[in-house]
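Written below as structure tokens is the structure these notes are about.
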């Protein structure tokens with residue numbers, strides 16, 4: 001792999017940009033691998049990367065039904081934060097956030113991580129108490145957050161209206177080291193690094209079956225034939241239930257569409273991410289100047305990467321109340337992704353009833369921020385059978401009642 | 001926008017007039033059941049990519065709960081029926097079998 005650098009850009013500029021090589025090889029499947037990861041999104045590629053980097057396991061294939069990073073990795077609102085209430089969540093999300101800080105250097109690929117800060121507005125008394133509790137919990141967990149006053153909120157985000165008639169801003173939970181990153185670049189960067197380690201990334205290859213012998217996985221049937229493996233990692237987000245069914249077990253997961261929309265580009269007006277969970281909307285400004293807006297999930301199961309149209313109105317209504325200056329803004333695009341929701345709104349990173357099959361799913365509405373931490377922990381789990389980062393996120397917690405309840409901690413948008 | 005007909009009052013209701021109530025025909029396992037049964041009752045869901053049976057409430061209308069058969073992938077609605085039943089009506093199942101050969105949902109196929 002040729003390294004990207006300022007020197008490389010200068011060299012290529014002189015050569016008419018004829019010397020750039022493909023970022024990753026377009027591989028065809030071999031007969032067998034030590035590890036197969038199903039799903040070439042952020043989480044799957046990060047898992048493969050850390051299997052190679054931390055454990056030296058490089059005989060790995062990442063297989064993907066569509067194209068690399070074409071699912072939720074390319075559909076999210078790119079927010080990275082780690083201000084969670086429960087200890088296991090704070091640990092894995094903070095690990096992820098800290099890995100994002102050095103990701104561009106680690107991968108030699110600019111993921112444009114921008115620690116611009118995330119501000120979660122408290123607009124009811126209940127939310128004030130909730131976020132103060134989270135700020136205290138974060139202090140104990142070693143995650144730097146603070147509860148700030150409405151005046152400080154106005155200072156951080158001058159375009160906000162803090163004294164609206166219905167939901168005045170009563171304060172906010174501020175994580176200054178949180179931020180955003182370029183979502184596609186995260187997938188591309190990991191894919192390039194994986195390919196460089198000799199791993200095969202096989203696109204347009206759908207898994208149609210999981211072959212087993214005596215309760216142990218032996219490989220996968222795909223649209224490109226049978227591929228053998230010792231270990232199988234299922235990292236497919238919205239279709240986790242469908243792939244798990246092929247392997248013969250079931251998941252406590254329901255799939256729903258979550259939507260987002262983006263406006264026409266405008267001049268820089270907001271240099272952090274603002275989330276308003278009571279009125280249900282959140283917004284940041286991309287480097288191109290578009291306002292990136294996160295909407296709601298549908299109230300019912302769905303696989304249409306689209307979502308209910310009326311949620312657009314609800315989201316935009318809430319944001320126009322909060323940011324009156326955006327009332328004339330035109331929206332350019334709207335889209336949806338299929339998110340896999342668990343009962344406690346926390347992910348599942350776990351062994352499964354089938355020996356050699358591991359599952360990483362249930363990230364619901366907030367998977368992007370967790371990509372490096374999830375890959376780090378899941379790779380350790382797959383390689384060694386145990387990871388302190390993933391230990392509390394087992395499938396058995398639903399039977400044993402050990403929930404990691406983040407639906408209360410983070411309300412809607414997480 | 002999703003439109004369902006309320007089987008009680010007959011209104012063709014937009015989804016904004018309704019409230020989704022999750023998977024239908026779930027059998028309750030309470031005190032005395034095994035951990036496995038209770039887990040299945042609390043968290044085990046069909047989550048099909050295809051035909052699904054769901055509970056809905058005509059919340060901004062007659063207020064009644066009812067059932068609907070809907071395809072989660074194509075959004076096609078096969079029909080709605082009363083909540084006073086533990087199985088989908090046979091004519092609805094026949095219609096789904098006809099349109100979706102090999103269809104299976106819990107014990108119904």
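No value in this document is a laboratory result; all are computed from the given coordinates. Owing to the predicted nature of the structure, the values given are computational and were not obtained by experimental measurement. Reconstructed Cβ throughout: ideal geometry from the backbone, glycine too, with neighbour counts over all protein chains shown.
Averaging the Cα positions of each part gives two centres, and for the range A:274-298 and the range A:206-230 these lie 40 Å apart. Counting only alpha carbon atoms, the long axis of helix A:125-141 and the longest principal axis of chain A meet at about 50°. Spatially, the range A:41-68 and the range A:353-397 are offset by 13 Å when compared through their Cα centroids. Take the Kirkwood radius over Cα pairs of the protein assembly as shown, plug it into Stokes-Einstein at 10 °C and 1.306 mPa s, and you get 65 µm²/s for translational diffusion.
Counting Cβ atoms of other protein chains within 10 Å of each Cβ in B:45-52 and taking the mean gives 6. Taken over the range B:1-81, the ratio of Cα radius of gyration to 2.2 N^0.38 Å equals 1.23. Normalised by the number of residues in chain A, the average gap of Cα pairs under 8 Å and 6 or more apart makes the relative contact order 22 percent. Each stretch of four or more DSSP H residues adds -39500 (n - 2.57); spread over every residue of chain B, this sum gives -4500 deg cm²/dmol at 222 nm. Per-residue ellipticity at 222 nm computed for chain A from its helices equals -9000 deg cm²/dmol, with DSSP H segments shorter than 4 residues left out and the rest contributing -39,500 (n - 2.57). When each of the peptides A:205-211, A:85-91 is scored by the mean number of other C-beta atoms lying within 10 Å of its residues, the order from highest to lowest reads A:85-91, A:205-211. The range A:117-144 and the range B:53-108 have Cα centres separated by 42 Å.
With N counted as the residues of the range A:109-157, its alpha-carbon radius of gyration over 2.2 N^0.38 Å works out to 1.37.
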